[in-house]
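First the structure, in the form of structure tokens, and then the observations on it.
The values are calculated or read from the model by the stated rules, or taken from the named source; none is laboratory data. These numbers were taken from a predicted model, which means no experiment stands behind them. Positions of Cβ are backbone-derived with ideal geometry, glycine not excepted, and every protein chain shown enters the neighbour counts. What goes into the accessible areas is simple: the full protein's heavy atoms, side chains included, and nothing from ligands, DNA or RNA. Shrake-Rupley method; radii C 1.70, N 1.55, O 1.52, S 1.80 Å.
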Amino acid sequence: MTTRRDFLRTSGTLALGGLMLPRLTEATDWLNAPQAARPVGIQLFTLFGPMNDDPKGTLEQVAKVGYKEIESAFSLRGGYYGYSAKEFKALVESLGMHWRAHHAMGAPFRPRPDGPRPQAAQPSAGAPASGAATPGAATPARPRMDFSKMPPMLSLRDNYQQLVDQAAEGGLTYLVCASTPVGTKEEIDKSIEVFRKTGEACKKAGIQFAYHNHATEFDPVADAGGKTPYELILSQTDKELVKMELDLAWATKAGKDPVALFKEHPGRFPLFHVKDIKADRQTITEVGNGVVDFKRIFAAANIAGMKYFFVEQDMAPNGIADVRTSFDNLKKIQA
């Protein structure tokens with residue numbers, strides 16, 4: 001299985017105030033809405049291949065499923081799926097959706113020469129959604145991605161101000177670090193310094209910075225006194241400048257209880273990645289087809305300080321069929 005971490009770790013004041021007010025009001029209204037009425041978002045890494053093949057057509061399909069909130073990721077086309085920040089914002093909004101967040105790399109991206117390959121389709125539990133693959137019938141994985149012609153990718157380490165400026169240009173609410181080296185104390189320290197600088201720059205631009213986890217952030221690091229990268233990031237950054245986007249599947253894989261994290265750090269988790277994982281704690285699957293206890297987690301959303309959530313299934317093997325299954329299952333969970 002090619003996971004998001006595998007895929008990414010191969011990389012090794014007045015005007016501003018006026019811009020922020022509509023977002024704050026909107027977020028307040030959103031939090032007051034009943035669970036079933038809250039708009040569902042999607043992280044576009046879920047549709048990495050289709051978004052590179054046909055970004056406009058893929059977004060049209062995403063909108064038809066019912067998704068309303070968009071979180072973007074990197075693209076082989078460069079920029080924002082080949083668009084500037086303003087252009088991508090206009091495209092998303094023309095389809096009745098909102099572009100809320102963007103994932104940027106913490107350190108420069110260095111892909112393997114042959115590139116990673118998405119996992120083959122896995123049988124889904126229960127009857128398939130309309131257009132889904134027949135249960136038990138594996139869909140061949142997409143061809144390996146060719147990174148040789150991809151434009152240079154910006155990273156927070158080297159280009160944080162440019163990424164913040166582009167996020168502001170696109171009207172984003174959040175700029176999120178998708179992945180960063182955390183295998184040693186030195187790497188953790190350097191990443192924390194990047195987060196501090198980016199958090200400050202985001203604040204000046206009227207944006208919120210956040211960090212997205214994988215399972216490895218919960219592994220003790222030997223030369224850090226046995227502490228985990230996650231606890232060091234939480235304890236050594238300003239809780240107002242560096243928020244967290246909790247990936248629910250990776251936290252579950254690591255044996256962490258999301259609700260316990262919310263109680264330990266209330267208000268620090270404005271973003272969720274609504275991702276599911278099977279009982280083997282290895283296989284990412286459609287939302288509702290795994291073991292993540294979403295009902296219990298969403299019941300603690302106010303403790304977390306959650307503002308937006310994005311469905312993610314790393315490079316979903318069945319594309320739109322998979323995101324439709326996740327959407328339909330999540331709506332049942334929210335009911």
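Relative contact order for the stretch 226-322: what percent, with Cα pairs under 8 Å and sequence separation of 6 or more? Show your work: numbers first, answer last.
Details: 136 pairs, mean separation 26.3, N = 97.
It rounds to 27 percent for the stretch 226-322.
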Task: Highest average packing first - 305-318, 199-212, Cβ atoms within 10 Å - done: 305-318, 199-212
- [ ] Return the distance in nm (one decimal) between the two label points of a simple spin-label model at residue 146 and residue 263, each offset 7 Å from Cα along Cα→Cβ.
- [x] 5.4
TODO: Please work out the average accessible area per residue across the stretch 144-300, using the 1.4 Å probe convention, and give it in Å².
DONE: 40
